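Please treat every number below as a calculation from the coordinates, not as lab data. This is a predicted model, so every value here is computed, not measured. Glycine gets a Cβ as well: all are built from the backbone with ideal geometry, and neighbour counts include every protein chain shown.
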Amino acid sequence: MSAHACNFVWYELMTSDASAATRFYSDVVGWKAADAGMPGMSYTLLSVGETQIAGLMKLTDDMCAAGVPPCWTGYVGVADVDAQAARIVKAGGTLHMPPTDIPGVGRFASFADPQGASLCIFRGSSDEQPPQPPAGTPCTMGWHELLAVDGAKAWAQFRHITLPSL
């Protein structure tokens, strides 16, 4: 398992207006934006210096039809996406997107916990995640927080889902 397993390894913004969001975050946060060059889809990579830290994409028609609002999503690194997805379902979570390959990038799944909070799990194609800026580096994600109806129950759920020793 990579040293990044069970840490946040990527962030993604799904939005109704990708161009406006790219301008906003470039102007306000200072991120550099570059097209990812993914065939068949427009995907923008956001970087702090030379380090890619997030992606940005327009919500698809299917996402909009399903009621997905513009949102940020975090990706937690796991050793085995398929095994972790099975654990999520067994623990009462719901898969929004079953384990799926991103050619040349990795494998991911999207889920909601029993209270409806969403998150993604991810394993890269290589064993090592590219190095991330040190904690506290300006213009990086500095805090992760879950707002839940029942905080104790939510903590027990995510603790059960993400600890590799379970």
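Numbers below:
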{"quantity": "Charged-residue dipole, Cβ positions (Lys, Arg, Asp, Glu), segment 1-97 about Cα centre, Debye nearest 20", "calculated": "200"}
{"quantity": "Amide proton proximity set for Tyr43, modelled H, under 5 Å, gap of 5+", "calculated": "Ala36, Gly37, Met38"}
{"quantity": "Using θ = phi - 60° and Karplus 6.51 cos²θ - 1.76 cosθ + 1.60, couplings along segment 86-101 (whole Hz; Gly, Pro as x)", "calculated": "5, 5, 4, 5, 4, 7, x, x, 10, 7, 7, 9, x, x, 9, 7"}
{"quantity": "Listed peptides 119-126, 47-54, 76-83 by packing density, highest first (mean Cβ within 10 Å)", "calculated": "119-126, 76-83, 47-54"}
{"quantity": "Cα centroid separation - segment 87-109 against segment 35-54, whole Å", "calculated": "21"}
{"quantity": "Hits among lysines - C-alpha to C-alpha of Lys90 under 23 Å, sequence gap 8 or more where chains match", "calculated": "Lys153"}
{"quantity": "Whole-Hz ³J(HN,Hα) from phi, Karplus 6.51 cos²θ - 1.76 cosθ + 1.60, for segment 66-79, glycine and proline x", "calculated": "7, x, 6, x, x, 7, 8, 10, x, 10, 9, x, 9, 6"}
{"quantity": "Cα gyration tensor, segment 1-102 - rounded (a/c under 1.5), prolate or oblate", "calculated": "oblate"}
